[in-house]
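Heads up: the structure comes next, in structure tokens.
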Amino acid sequence: MTEKKSLIKGNGGQILFASIISILIGLFAGIVVLVVVGMTNNSISGSSIWDGVRLVLIGVFNTGRDAAGSLTFGFNPTFFGNMLFRAMPLILTGLSVAVAYKTGLFNIGAPGQYLAGICATLFIALSIPTSSVPAWIVWIAAFFGGMIAGALWGCIPGLLKSLLNINEVIACIMTNWLAACLVTWAFDSSKLKNVIDGTKTGYIYKTSTIINDVIVDGTRTVVGANIPEGATVLATRGGVATPKLGLDSLFSGSQVNGGILIAILLAVIFYIIMEKTTLGYQLKACGSNRFAAQYAGIPDKRNIVLSMALAGALAGAAGSLYGLSGNTEFFWTTYQSLPSVGFTGIAVALLAVNNPIGVIFSALFMSLLTINGQQLTSLTAYNEYITDVIIAVIVYLSAFSLIIRTWLGKRRKKRDEKSGPAKGVQA
Amino acid sequence: MGEKVPESSEYVIEMNHITKIFPGIIANDDITLQLRRGEIHALLGENGAGKSTLMSVLFGLYQPEEGEIRKNGQVVKITSPNDATALHIGMVHQHFKLIDVYTVLDNIILGAEDTKGIFLTRKAARKKIQDLSEKYGLKVDLDAKIEDITVGMQQRVEILKMLYRENEILIFDEPTAVLTPQEIDDLMKIMKGLAAEGKSILFISHKLNEIMEVSDRITVLRKGKYIGTVNTADTNKQELSNMMVGRPVQLVVQKEEARPGETVLEVSHFCVPSKLHNRNAVNDVSFKVHEGEIVCIAGIDGNGQTDFIYGLTGLEKPNSGSVTLCGKDITQNSVKRKSENMSHIPEDRHKHGLILDFTLEQNMVLQRFLEPEFQKWQFIRFGEVRKYAENLIEQFDVRSGQGPVTQVRSMSGGNQQKAIIARELDREKKLIIAVQPTRGLDVGAIEYIHSQLVSQRDKGKAVLLVSLELEEVMSLSDRILVFYEGEIVGELNPKETTVQELGLYMTGAKRQNRKGGEPA
């Protein structure tokens, strides 16, 4: 009985409550913006404002407009599936930031590690011929290859921090741009640029695409699944997308695949590592008080590198799973911008107060907002960036969640005092 | 000043029936403190007894729930430190509030400057300070920068600051904690001089020797309650400490003659580089510690003791020299390897001793969580950790709000230290290094820690103690090594030496010839 009580009134409950308050205030602020924008914009009518408010809150349940032109709501498997699909990399980059944070490190390098991961994954998945190696082995190699690449990339700021005491934030920002340039260069000089679909330029083959290396009329060339007559097939590559595991029939018309389950599984595994194992204990000890850890004989330098490597592996896995989704196209000239999913990971971790399980839910919430934002754009005259405003407010407020928590703590103390003297120090 | 002081009241300050309640705790419960004009009144109590709260009430930082403050018999309202200053109440804080890069003169006049237009005029101030300095025997160099002068002189600057502002009620918050024996003697003289000139002094301390020497009357607080006010002439140390703790306290460390056995630790020609300058912080130090004895490193803070312990325990890399522990050369070993035969109660319990955001039980296994008792397949055995922590908590009487799951940050300093001592002593290592183990603790906790160290010695452990408290050095140790500027300048037997002689070694005025750093 007392156990249960302390769970609700205890620290965990307070943290959760503070996050929920942040979300509610964020949504409220977003609605205020919606209304203000709607009232000052001539192209948005009163009913559009009401539509916008509903879409921002529950756009994922929207099923389009009926004949009369008013919004209808219900379970929409496509949007739901897409929400899960978008949450998949966010869970992993959020985890990446959260794990590093528990060791006292701010991993702002998730975008770079994500790029390292997606780069390694695409190279492995599209280079190993599936004609001679089973596709599932290629898939595993590509997935772990991406994780390892991310881990190695995360090690760089980790090593700089532990050996030379260089601030990890600065090192991470530099390695981000280094990754962006290196990845652009690597794909630029590769033979993985999509020449078969040919509709758009600047993209890499999808991992689900079947590519055949053939010899036609004595010249070696690359073709798609349709092999021209008289051609000799040298090798077949590609076709190594993550299995759907039946999720596609559950959420028909969406991009979701088994990757979301892997992401959730990784979150649970990292929860166990951080909370139940000696490794998590060591990492947290180094994060809370590096000197005390050092004094107790815990190898703090090793743990800093290890923590960044784990964080990198998680961000790498995000890139890896995204690349292996099969229906995603990778635009390889990334040197001018970094993937936003890496930075959103910071917001996801903040909102989840760095709790690995909380990360699952905050990532789902973030992707829900994105889906709602898309509905807002396609069904009303609003601009989808309004959801970015909401996300920004929520992120700011989750930084305030400490203040909210202190406030909650004070209220609790006052209540306790009224109902009786506080449980004093046991004699 | 100009105002006429009505001489109607016997007391210059009266705090009558002060009650101050914080959520969940009554910090001051009906406390009365009456300060006579020209007396030195000591406020005595353990940590958490409510001394600081009471002084904060007097200073206007807190508003009491009940009670009144009178000055010269008139009820006054003190709602902010500015009110206190206007009533000529001044305070020397434990940690000085001086600006390092300013001169002494500028520090004294800061906030009460004479100006001509936008320019400072220091001439009149200089004259006034020089007069005060002569009158009360407060020797200071007005043009020296604070960073260049001794701690003792910094304190005199603080006192001059109060006098310059014409304060008549002077509060000294633990003023002797940072001083050498000679400086303490000087301070006592200064305080007596101030009182003789009509200043009224409130002296906060838990050092009984000083209180007995300097004060006229003593008010004792315990756990927020007023215990009593006694005339110093009518009481003694034993009675005072009993009042303070609420039970009879063993003031003198009870111990038998040491019976040193085999050598446990041998340090030879040990040098540790300094972080501040190019010279060695520890230079050519050699000594031995045997089983069954307590060897104490004495010295003024900052003479290489901390660096020496860092070098010894592996937190810092030594330059040269060697350390042999239990017959093995451990000079270059990692912290973990070194700790195989060594327990270490660190100087800074918040920085090195504890992880404040962890729970008590998590802190108890900080060095041991990898041992098979506490993990299986790298999974922490929470049941075993809990059992072990509960056992230690009971054995060493560590008090906390929620037992093993208490966040260490929320515990009192004494209990935090007890937790470290429980953890370190339970590891049953041959050598115990204790660095200022009683710093900031009250009489009851000090008694406990001393008895623990003596019982470890009697079990045949070698104890290496580093202490800045002379009383502790004299009463606890079997041998004293005095550090001065990173070198051992004397090896003394506490039974054959005096505090005064020890002070001379500590300040570098005297040194023994220890050939090549070897024990004489």
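The values are calculated or read from the model by the stated rules, or taken from the named source; none is laboratory data. Remember, predicted model here, so these are calculated numbers, not experimental data. When we count neighbours, we look across all protein chains shown, and the Cβ atoms used for this are built from the backbone with ideal geometry, even at glycine. Protein only, heavy atoms only, side chains kept; ligands, DNA and RNA dropped before computing areas. Shrake-Rupley method; radii C 1.70, N 1.55, O 1.52, S 1.80 Å.
The condition of being among the basic types (Lys, Arg), more than 13 Å from chain A (Cβ to nearest Cβ), open to solvent by 40 Å² or more (accessible area, probe 1.4 Å) and touching a residue at least 60 places away in the same chain (Cβ under 8 Å) holds for B:ARG439. Taking the criterion of being in a strand (DSSP E or B) and of a type in the set (D, E, K, R), would at least one residue in region A:244-261 satisfy it? Checking region A:244-261: not a single residue is in a strand (DSSP E or B) and of a type in the set (D, E, K, R). Reported count of residues in region B:344-367, each being more than 7 Å from chain A (Cβ to nearest Cβ) and either over 14 Å from B:ALA419 (Cβ atoms) or in contact with a Pro (Cβ under 7 Å, 6 or more places away or on another chain) (or both), is 7. Among the residues of region B:400-414, at least one is buried (at least 18 other Cβ atoms within 10 Å of the Cβ), in a helix (DSSP H, G or I), within 14 Å of chain A (Cβ to nearest Cβ) and in contact with a Lys or Arg (Cβ under 8 Å, 6 or more places away or on another chain).
Residues in region A:345-363 that are open to solvent by 40 Å² or more (accessible area, probe 1.4 Å) and within 20 Å of A:GLY59 (Cβ to Cβ): A:PHE361 alone.
Which ones in region B:86-136 are part of a loop (DSSP other than H, G, I, E, B), over 16 Å from B:GLU147 (Cβ atoms) and touching a residue at least 40 places away in the same chain (Cβ under 8 Å)? Those that are part of a loop (DSSP other than H, G, I, E, B), over 16 Å from B:GLU147 (Cβ atoms) and touching a residue at least 40 places away in the same chain (Cβ under 8 Å): B:LEU87, B:HIS88, B:HIS93, B:GLN94, B:ALA112.
No other residue among B:PHE374, B:PHE287, B:PHE270 is open to solvent by less than 10 Å² (accessible area, probe 1.4 Å), of a type outside the set (A, V, I, L, M) and within 11 Å of chain A (Cβ to nearest Cβ) apart from B:PHE374.
Just checking, how many residues over region B:377-396 are open to solvent by 60 Å² or more (accessible area, probe 1.4 Å) and within 12 Å of chain A (Cβ to nearest Cβ)? Count: 6.
One line per residue, one yes/no per condition, for (1) within 17 Å of A:SER131 (Cβ to Cβ); (2) among the small types (Gly, Ala, Ser); (3) touching a helix residue (DSSP H, G or I) at 6+ places or on another chain (Cβ under 6 Å):
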site: A:LYS206; (1), (2), (3): no, no, no
site: A:ILE211; (1), (2), (3): yes, no, no
site: A:ASP217; (1), (2), (3): no, no, no
site: A:ARG220; (1), (2), (3): yes, no, no
site: A:GLY230; (1), (2), (3): no, yes, no
site: A:LEU250; (1), (2), (3): no, no, no
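Residues being in contact (Cβ under 8 Å) with a residue 40 or more places away in the chain and assigned to a loop (DSSP other than H, G, I, E, B): count how many of those fall in region B:168-211. Residues that pass the stated criteria total 11. Just so you know, in region A:371-387 the residues that are modelled with pLDDT of 75 or more and not in a helix (DSSP H, G or I) include one that is most open to solvent (accessible area, probe 1.4 Å), and it is A:ASN383. Those residues that are open to solvent by less than 50 Å² (accessible area, probe 1.4 Å), out of contact with any Leu (no Cβ under 7 Å at 6 or more places or on another chain), among the aliphatic types (A, V, I, L, M) and closer than 18 Å to A:ALA318 by Cα, I need them from region A:117-150; list them, please. Within region A:117-150, A:ILE118, A:ALA120, A:ILE124, A:VAL138, A:ALA141, A:MET147, A:ALA149 qualify. Is it true that B:LEU61 is assigned to a loop (DSSP other than H, G, I, E, B), among the aliphatic types (A, V, I, L, M) and closer than 24 Å to B:LYS223 by Cβ? Yes: the conditions hold for B:LEU61.
For region A:198-222, filtered to residues that are more than 20 Å from A:LEU321 (Cα to Cα), under 28 Å from the mean Cα position of the chain (by Cα) and not basic (Lys, Arg), the residue that is least open to solvent (accessible area, probe 1.4 Å) is A:GLY202.
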